[in-house]
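Asks: This structure is in structure tokens; I'll ask about it shortly.
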Amino acid sequence: MEKIYLDHAATTPLSQKAFDAMKPYFSDVFGNANSQHVYGREGAKAVNDARQLLANCIGAKPSEIYFTSCGTEADNWAVKGIALQNIEKGKHIITTQIEHPAIYTTCKQLEKYGWEVTYLPVDNEGFVSVEDLEKAIRPDTVLVSVMFANNEIGTIEPIKELCAVAHAHGVLFHTDAVQATGAVRYDVKDLGVDLLSMSAHKFYGPKGMGMLYVRNGIRIEKLLTGGEQERAHRGGTTNTPGVVGMATALDEALSTLEEDDKYVASLRDHFVERVLNEIDDIYYNGAKDTAKRLPNNANFSFRYIEGESILFSLDLAGISASSGSACSSGSLEPSRTLLAIGVPVGTAHGSIRFTFGKHNTMEEVDYTVDELVKIVKRLRDMSPLYKK
Ligand SMILES: *Cc1c(COP(=O)(O)O)cnc(C)c1O
């Protein structure tokens, strides 16, 4: 085997259909979607159609969809935009210990400027508790932000229940749905959320394209000030090919969501079963109930060895996986998420995330387990910590 990609939580390959749909907007149909002439109108039509399609995909109205340059921008905007809009009400935000850096570091930044942030703990499978949230809400709380599904361990949070508690206390609710979108079917009206972020490149769409859903009636301060784009809520010339690619990719993903999830979960389940049978001294991190876990995610901690060494050896064997998340690799800090679910610091260092995709095959999964068994044995034989 030449190359095996098992890092779909970091990014996914662009779908052929999305690529084809985008192409004209890089060349012939290049007009600025906000220009008042025929070129502009062609761009505007593409953007309007895509906005309608995306809105249909998540049960929203087109007027509730705001395009952004990535998931990170959508997350920043949700938190900072609601914080700034509601200074008069208060400066307290509630989030969790396991958020993606796009939320976590944004909250850390607000703390420097006088906001108070409560980081809710999670249980040992990564679930946030409704009771903990209720206890944390204060009269000056302006926003609750809880991720829909975790990017490292795949745990799917009880968003509908959490949102209901926030609303019962008159507090707005945002969810970072970047990992969930394309893998979990949802409807924003049914969830009840006020704001929701997504990112195209996590569901076989283009990189550099995100979206923030903002329920009609919610007031939010701007993050990117500029022209009158996005109904005067977000300055910056519209990325027409990106918008078209994102809408096409999400529509395509939802059209086969159940079959794709089932297939991807069958790869993951086979992988997990073999790994647990063939390798000792490991923890399987995240939700045990597969209905509450992203179908593509498997995360293991291998005791007595370093995750970086395993990754390096896997890479030599042509297998691309990840330690923690792509956004924190390169840092030697153990994963915040793994520490939050109670994995000991030393063990957290020996953790690897495998995230499968719809183009992976069972042969690739078996090859990966065969290699992994050899790698772990070799590294442990060299490890002074490991006693045979
Ligand atoms: C990837 C990711 C993001 C960031 O999205 P980008 O488009 O890469 O900026 C945010 N949150 C979660 C949960 C993610 O997995």
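Asks: Among the residues of the stretch 163-190, how many are within 16 Å of the ligand (Cβ to nearest atom), buried (at least 20 other Cβ atoms within 10 Å of the Cβ) and among the aliphatic types (A, V, I, L, M)?
Replies: The total comes to 4.
Asks: Okay, next question. Does G217 satisfy the condition of being open to solvent by 70 Å² or more (accessible area, probe 1.4 Å) and either within 16 Å of the ligand (Cβ to nearest atom) or at positive phi (or both)?
Replies: So G217 passes the test.
Asks: So the check is Cβ under 7 Å with 6+ separation or different chains; which pairs have a first residue in the stretch 9-21 that's away from the ligand (no atom under 16 Å from the Cβ) and a second one that's modelled with pLDDT of 95 or more and part of a helix (DSSP H, G or I)?
Replies: Here the result reads S15/A249; S15/E252; K17/T248; K17/E252; A21/V244; A21/G245; A21/T248, each pair linking the stretch 9-21 to a residue that is modelled with pLDDT of 95 or more and part of a helix (DSSP H, G or I).
Asks: Here's a follow-up. Would you pick out the residues in the stretch 96-108 that are more than 22 Å from V165 (Cα to Cα) and either surrounded by 17 or more Cβ atoms within 10 Å (Cβ to Cβ) or away from the ligand (no atom under 12 Å from the Cβ) (or both)?
Replies: H100, A102, T106, K108
Asks: Let me ask something additional. Yes or no: V193 over 20 Å from G242 (Cβ atoms) and open to solvent by less than 20 Å² (accessible area, probe 1.4 Å)?
Replies: yes
Asks: Could you go through the stretch 367-374 and let me know if any residue there is of a type in the set (D, E) and in contact (Cβ under 8 Å) with a residue 40 or more places away in the chain.
Replies: Yes, the stretch 367-374 contains a residue that is of a type in the set (D, E) and in contact (Cβ under 8 Å) with a residue 40 or more places away in the chain.
Asks: So for the stretch 129-140 (the condition being open to solvent by less than 20 Å² (accessible area, probe 1.4 Å), under 24 Å from K288 (Cβ atoms), more than 16 Å from the ligand (Cβ to nearest atom) and not in a loop (DSSP other than H, G, I, E, B)), does at least one residue qualify?
Replies: Yes, some residue in the stretch 129-140 is open to solvent by less than 20 Å² (accessible area, probe 1.4 Å), under 24 Å from K288 (Cβ atoms), more than 16 Å from the ligand (Cβ to nearest atom) and not in a loop (DSSP other than H, G, I, E, B).
Asks: Report every pair of residues separated by at least 6 positions or lying on different chains whose Cβ atoms are under 8 Å apart, first residue within the stretch 39-52 and farther than 14 Å from P24 by Cα, second modelled with pLDDT of 95 or more and surrounded by fewer than 18 Cβ atoms within 10 Å (Cβ to Cβ).
Replies: Partner pairs satisfying both residue conditions: N48/P62; R51/P62; Q52/P62.
Asks: Also, I was wondering about something else. On the basis of being within 28 Å of S15 (Cα to Cα), assigned to a helix (DSSP H, G or I) and either within 13 Å of the ligand (Cβ to nearest atom) or open to solvent by 30 Å² or more (accessible area, probe 1.4 Å) (or both), does H201 make the cut?
Replies: Judged against the criteria, H201 is a match.
Asks: With more than 22 Å from P158 (Cβ to Cβ), in a helix (DSSP H, G or I) and either among the acidic types (D, E) or in contact with a Gly (Cβ under 6 Å, 6 or more places away or on another chain) (or both) as the only criterion, which of E252, E258 stands out?
Replies: E252
Asks: Moving on to the next point. Within the stretch 142-163, is there a residue that is in contact (Cβ under 8 Å) with a residue 40 or more places away in the chain, of a type in the set (G, A, S) and not in a loop (DSSP other than H, G, I, E, B)?
Replies: For the stretch 142-163, residues in contact (Cβ under 8 Å) with a residue 40 or more places away in the chain, of a type in the set (G, A, S) and not in a loop (DSSP other than H, G, I, E, B): present.
Asks: If I filter the stretch 362-384 for residues that are closer than 24 Å to L257 by Cβ and surrounded by 13 or more Cβ atoms within 10 Å (Cβ to Cβ), do I get at least one hit?
Replies: Yes, some residue in the stretch 362-384 is closer than 24 Å to L257 by Cβ and surrounded by 13 or more Cβ atoms within 10 Å (Cβ to Cβ).
Asks: Look at S301 and say whether it is outside any helix (DSSP H, G or I) and either buried (at least 20 other Cβ atoms within 10 Å of the Cβ) or more than 20 Å from the chain's Cα centre (by Cα) (or both).
Replies: yes
Asks: I'd like the full set of residues that are in a loop (DSSP other than H, G, I, E, B) and either among the hydroxyl-bearing types (S, T, Y) or under 24 Å from G235 (Cα atoms) (or both), limited to the stretch 96-114.
Replies: Y113
The values are calculated or read from the model by the stated rules, or taken from the named source; none is laboratory data. Note that the coordinates shown come from a computational prediction; the quantities given were computed from them, not determined experimentally. FYI the Cβ positions are ideal-geometry reconstructions off the backbone, even for glycines, and counts take in every protein chain you see. When the accessible area is computed, the model is the full protein with side chains, heavy atoms only, and any ligands, DNA or RNA have been set aside. Shrake-Rupley method; radii C 1.70, N 1.55, O 1.52, S 1.80 Å.
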